[in-house]
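To start, the structure itself, in structure tokens.
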Amino acid sequence: MDETAYRAARGAAVPFTCVFEKAIAAGCATCATSVRRALAEREAIGCTSPTARTNCTTLAALLQERATFALKLAPGVPLPHAETMRLACGGLAGVRGCVAPGETDVHRLVAAAQARFGSLAELPWHDVVASIVAWRIRRRSGGGP
């Protein structure tokens, strides 16, 4: 399947992509509102709740905005995979540490953050950004040739 056909099939199977798709696929988080679809030997993760997707989009934008200086991100430049993972997994870990240690469900985590702080913008960003900076992508094992 060529890439254009894959994107068309993905759009039909998953109309609303999950904002934290890479974090969920990597096992950094789970989500009660996510749905997984297998497409052409790949996996697509979508969101079944427009409200949850809006909240997650807001959180992801705030994570990127607040961590831009610390991660030395260039504005307007697409993020490499490693930085996307760092923002998603490290950011969710930071929010988890501030709101609900042990909670892995993104939807419940965002709801708990909004309930505790009144707004996602009021999170203790110093602690969240420190978690983003400290998070490292898992290295592959050295079992290859």
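Read the figures in this text as sums done on the coordinates, not as results from a lab. Just so we're clear, the structure is a prediction, and the values are computed from it rather than from any experiment. Quick reminder, even Gly has a Cβ in these numbers, built from the backbone with ideal geometry, and neighbours come from all protein chains shown.
For the reader, a short list of remarks on this structure follows.
- Its Cα gyration tensor gives the chain an equivalent ellipsoid, and the semi-axes of that ellipsoid, as √(5λ) in whole Å with the largest first, are 25, 20, 15.
- Relative contact order (percent, whole number), region 3-134, Cα cutoff 8 Å, 6+ residue spacing: 26
- GluC sites (Glu not before Pro) lying in DSSP loop within region 1-104, provided at most 14 other Cβ fall within 10 Å: 41
- Here r is the Cβ-Cβ distance between residue 43 and residue 122 and R0 is 41 Å; the resulting FRET efficiency, rounded to 0.05, is 0.75.
- When both bridge partners sit in region 1-127, DSSP labels roughly 90% of those beta bridges antiparallel.
- For the chain, a simple Cβ point-charge model (Lys and Arg +1, Asp and Glu -1, everything else neutral) yields a dipole of about 260 debye relative to the Cα centre.
- Chain lengthening between residue 82 and residue 108 when straightened (0.36 nm per residue, less Cα-Cα): 6.8 nm
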